[in-house]
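Take a look at the structure set out below.
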Amino acid sequence: MTLFGHHGTLDFTRITQPWLRRAAMDWASEEAPKRRGRAAANTIRVHIRALELLSTSLRLHRDDQGMDPSLLGRADIVAFLNRIAYLHTLEGTQQIFAYQRFKIIQRTAKLLRDFRALGLTRPGQSLAGLPDDFSLRRSDAPPPAR
């Protein structure tokens, strides 16, 4: 982050699929110069954290651990949503709260849109071949808790 005038570092190591890690790095490189203030690095970090959860979901529920983006689809998004819901409802431990669940889904949706807008799904790019249905719909996120 110091390269962009911010404090701290970004850690992409918990994103285990190389294509998703590369896309996250490309996005962060594009996003960091636009951010200002003390919270800039943290804003990027929380988005990276959402991708870590997507990465974990792919690793846990797919036989290929999500290594080939061209094989992904809506079923993988549904599995991700189910995993986030599961983490929300873990009895007694509640690893994520309702508002966090909403924000994770919202951030992941934004990132997938941004990846496409950056051209990362074009041939030769990190997300080449990523199907259009590997995306989140507005209706996928539960309403934020009040």
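Listed values, structure above:
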{"quantity": "Odd one out for V46, checked against (1) hydrophobic (A, V, I, L, M, F, W, C); (2) surrounded by fewer than 18 Cβ atoms within 10 Å (Cβ to Cβ); (3) over 19 Å from Q17 (Cα atoms); (4) in contact (Cβ under 8 Å) with a residue 24 or more places away in the chain", "calculated": "(3)"}
{"quantity": "Region 96-116 residues that are in contact (Cβ under 8 Å) with a residue 40 or more places away in the chain, paired with ones that are part of a loop (DSSP other than H, G, I, E, B) and of a type in the set (D, E, K, R) (beta carbon under 7 Å, 6 or more apart)", "calculated": "none"}
{"quantity": "Sole exception among (1) farther than 21 Å from R138 by Cα; (2) within 16 Å of the chain's Cα centre (by Cα) for A117, by number", "calculated": "(1)"}
{"quantity": "First in region 126-146 and over 18 Å from A98 (Cβ atoms) and among the hydroxyl-bearing types (S, T, Y), second anywhere and at pLDDT 95 or above and surrounded by 14 or more Cβ atoms within 10 Å (Cβ to Cβ), Cβ under 6 Å, 6 or more apart", "calculated": "S126/W19; S126/R22; S126/A23; S126/L120; S135/L112"}
{"quantity": "Selected residue [β-branched (V, I, T) and more than 14 Å from L20 (Cβ to Cβ)] from I77, I105", "calculated": "I105"}
{"quantity": "When residues of region 101-141 are limited to those that are assigned to a loop (DSSP other than H, G, I, E, B) and among the polar types (S, T, N, Q), the one surrounded by the most Cβ atoms within 10 Å (Cβ to Cβ)", "calculated": "S126"}
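The values are calculated or read from the model by the stated rules, or taken from the named source; none is laboratory data. This is a predicted model, so every value here is computed, not measured. Note that we place each Cβ from the backbone using ideal geometry, even for glycine, and neighbour counts take in every protein chain shown.
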